[in-house]
Amino acid sequence: MSKRSLSPVHLPPAKRTHLSASSPSSSIHAAQSSSFEFLYDELILHIFTFLSYTDLCTLQATNRNWARLSLDNQLWKGLYLREFGRLRLRGFRGFAGRRDGRETKNLPGRVIAEEIQDWKRMFRISTNWRSGRCHTSTLAEMSIPPSSCATQGSLQNAGISGREQEHNAPQVTLAGKYTILSSFELSYSPSILVLSPSVPRHVIHVAPIRAQQPVRVTALAVDQSSRTGTNLLIVACMSNGDIYVHELHSSSRKHHYAPPFKTPRTAPIIQAAYSHPILVTLSESFSLSVYDLTHEAMQVIHVLTSFTSFPPSSLVLTMPEPQTYKLLLTYASPFYPAHWSVGVTEVILSGASCHGPTSPLISPTRSPSLLLSTRSSRAFDLPAGWIDETKLRVVREQWGRKVGSVAGTQTDGRWVVLAPAVPGGVCPQGGFTPASLPLQLYRLSSPPLRAGAWAYPKLTFVRNLVGQTGPMSALALADGRCVSLGVDGRVWVWDLENRWGTEVTSSAGESSSDLEPSGVSLSGLRGTIAFDERRIITAGAAGNVVVWDFDV
């Protein structure tokens with residue numbers, strides 16, 4: 001018997017809906033089945049993790065649901081960690097609680113981790129740093145009342161020389177949300193301006209105890225200790241050697257030091273670092289002074305002098321352990337016959353004052369007797385005794401990095417940067433190129449704090465930082481980021497760990513050189529620069545202060 005033949009009618013399609021094709025609800029149901037609407041938010045977010053930040057920004061214009069999901073904070077956190085590899089913005093300064101004391105820049109404020117972070121905003125800020133995109137503005141609040149400034153006649157009557165009358169750049173420092181600037185003119189009562197976006201501007205008038213002649217602020221520093229619940233303390237060093245400490249929102253001074261007469265140890269002070277109750281200052285003659293600020297009248301604890309170290313220099317003060325202070329000092333180091341390199345000195349301070357209680361109600365009856373040890377190293381150092389071919393090759397490489405003059409040295413505890421200068425301020429024939437004056441980058445390896453006298457810091461050359469087309473006017477370094485200000489007004493940023501560098505340009509498309517006056521000289525022009533994780537503050541010799549904001 002033959003098998004029964006199949007029906008000529010076609011079989012129904014798989015998973016066919018039991019609705020007629022003409023039914024209006026069938027088309028709606030089919031459209032919904034082919035979309036993401038039936039997926040859980042977790043599944044959609046997991047799919048979004050494979051997209052780039054440009055794709056996530058494009059998804060925000062698709063529909064409301066995707067716009068909501070593409071703004072998920074954890075989604076941008078994962079993207080930020082994959083792109084930049086850190087849990088915070090680069091640029092924080094101050095002791096961050098690490099036992100090795102590496103993140104040790106004496107600026108701007110204490111590192112306080114935010115409980116809730118806007119990771120998309122952090123991604124935007126970090127991307128702007130990498131591309132050099134920012135918004136620029138000029139501070140117009142630097143005007144000083146005419147009555148406080150010294151006139152030309154009073155300067156001549158007081159015996160102020162023409163060199164001292166030259167305008168220096170305002171001193172600038174950052175402390176969290178506060179921008180602190182000093183007046184750049186000689187005055188009988190110098191002013192310190194404190195700016196903040198949330199509170200009105202605050203002016204601190206420093207009244208010197210010895211007011212026989214006009215003075216100016218030569219160095220600023222803020223307290224970097226880990227104390228909480230107190231006002232920020234600001235240190236102002238005067239050109240006559242006086243030192244005054246003021247609270248942020250107080251008109252009276254908290255500490256002061258007034259030497260009986262002007263000495264090379266106290267005037268002029270070019271660097272200062274402060275971590276209560278220890279204050280360290282460095283004078284132009286390279287005298288290092290350590291002060292105790294336990295009482296209102298500051299007391300000198302130690303004085304160090306070097307005959308082989310010269311400005312420009314930088315100071316970094318931190319407290320890697322509760323009973324130990326660590327000071328890093330970089331400077332220009334000479335070597336035969338008439339060339340320069342960079343050197344670093346590590347000073348360890350520890351004493352009885354650190355072992356006692358930290359309550360401000362208890363004060364010792366005598367000044368603390370700090371134990372002091374120093375360890376130094378130079379980038380160019382000849383080995384002792386006879387040398388073989390390997391050591392000779394190293395010496396030749398070091399000799400090839402010699403410079404005729406030094407414009408600046410900076411360190412953040414991990415890196416050291418040397419900026420060469422133009423000897424004599426003479427422009428070379430044919431002008432400058434990005435490779436004319438490259439910055440030299442060194443890796444700093446510090447020995448353990450408890451190491452013996454045989455252990456020394458080590459400077460290892462890494463590479464040259466190329467970008468600036470001309471000599472440097474100011475240099476800043478913190479948290480693995482280096483920022484330089486050229487005499488032509490150009491600002492360059494380098495990420496030392498990720499090995500990139502870029503010139504900073506405003507969001508309007510203008511270069512940083514367009515914001516500075518043209519026709520500047522190559523010698524005798526010094527500016528100041530400071531930065532944190534969101535902005536750069538630059539100040540020129542003419543007193544113009546520019547803010548470069550990357551939170552745009």
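The values are calculated or read from the model by the stated rules, or taken from the named source; none is laboratory data. A quick note: this is a predicted structure, and the numbers were derived from the prediction, not measured. With ideal geometry, Cβ positions are generated from the backbone for all residues, glycine too; neighbour counts draw on all protein chains shown. Surface areas here come from the heavy atoms of the whole protein model, side chains and all, with no ligands, DNA or RNA. Shrake-Rupley method; radii C 1.70, N 1.55, O 1.52, S 1.80 Å.
Structure notes:
- Any hit, region 246-262, residues being outside any loop (DSSP other than H, G, I, E, B) and either closer than 21 Å to SER314 by Cβ or of a type in the set (Val, Ile, Thr) (or both): no
- Looking only at residues in region 204-225 that are more than 19 Å from HIS255 (Cβ to Cβ) and open to solvent by 50 Å² or more (accessible area, probe 1.4 Å), the one that is farthest from the chain's Cα centre (by Cα) is GLN212.
- Scanning region 379-393 for residues that are surrounded by 13 or more Cβ atoms within 10 Å (Cβ to Cβ), of a type in the set (A, V, I, L, M) and at pLDDT 85 or above returns a single hit, ALA379.
- Count of residues meeting criterion [hydroxyl-bearing (Ser, Thr, Tyr), over 16 Å from SER131 (Cβ atoms) and in contact with a Gly (Cβ under 7 Å, 6 or more places away or on another chain)] in region 459-504: 1
- Boolean, GLN440 is outside any helix (DSSP H, G or I), modelled with pLDDT of 90 or more and open to solvent by 20 Å² or more (accessible area, probe 1.4 Å): no
- Selected residue (only one of GLN156, GLN74 is surrounded by fewer than 14 Cβ atoms within 10 Å (Cβ to Cβ) and modelled with pLDDT of 50 or more): GLN74
- Put simply, of SER285, SER309 the only residue that is of a type in the set (Ser, Thr, Tyr) and touching a residue at least 24 places away in the same chain (Cβ under 8 Å) is SER309.
- Considering (1) open to solvent by 70 Å² or more (accessible area, probe 1.4 Å); (2) aliphatic (A, V, I, L, M); (3) modelled with pLDDT of 90 or more, the lone condition that LEU11 does not fulfil carries the number (3).
- Condition broken by ARG102, with the remaining ones in (1) open to solvent by 90 Å² or more (accessible area, probe 1.4 Å); (2) of a type outside the set (Asp, Glu); (3) modelled with pLDDT under 85; (4) more than 30 Å from GLN410 (Cβ to Cβ) satisfied: (4)
- The conditions of being closer than 30 Å to LEU444 by Cα, at pLDDT 55 or above and exposed (fewer than 13 other Cβ atoms within 10 Å of the Cβ) are met by LEU87.
- Taking region 370-411 as the range and being of a type outside the set (A, V, I, L, M, F, W, C) and either without any contact (Cβ under 8 Å) to a residue 24 or more places away in the chain or touching an Asp or Glu at 6+ places or on another chain (Cβ under 6 Å) (or both) as the test, the residues that pass are ARG375, ASP381, PRO383, GLY385, ASP388, GLU389, THR390, LYS391, ARG393, ARG396, GLY400.
- Annotation note: Cβ proximity below 6 Å between a residue of region 236-250 that is under 19 Å from GLY176 (Cα atoms) and a residue that is charged (D, E, K, R) and open to solvent by 10 Å² or more (accessible area, probe 1.4 Å) (sequence gap 6+ or interchain) occurs for VAL245/LYS254; HIS246/ARG253; GLU247/LYS254.
- Whichever residue in region 351-378 is among the polar types (S, T, N, Q) and closer than 18 Å to VAL303 by Cβ and, among such residues, is modelled with the highest pLDDT: SER376
- Selection count, region 458-472, where residues are polar (S, T, N, Q) and either open to solvent by less than 10 Å² (accessible area, probe 1.4 Å) or modelled with pLDDT under 90 (or both): 2
- Of the listed requirements (1) part of a strand (DSSP E or B); (2) under 26 Å from ASP242 (Cβ atoms); (3) open to solvent by less than 50 Å² (accessible area, probe 1.4 Å), PRO320 misses just one: (2).
- Residue match in region 272-288 (condition: in a loop (DSSP other than H, G, I, E, B) and open to solvent by less than 20 Å² (accessible area, probe 1.4 Å)): yes
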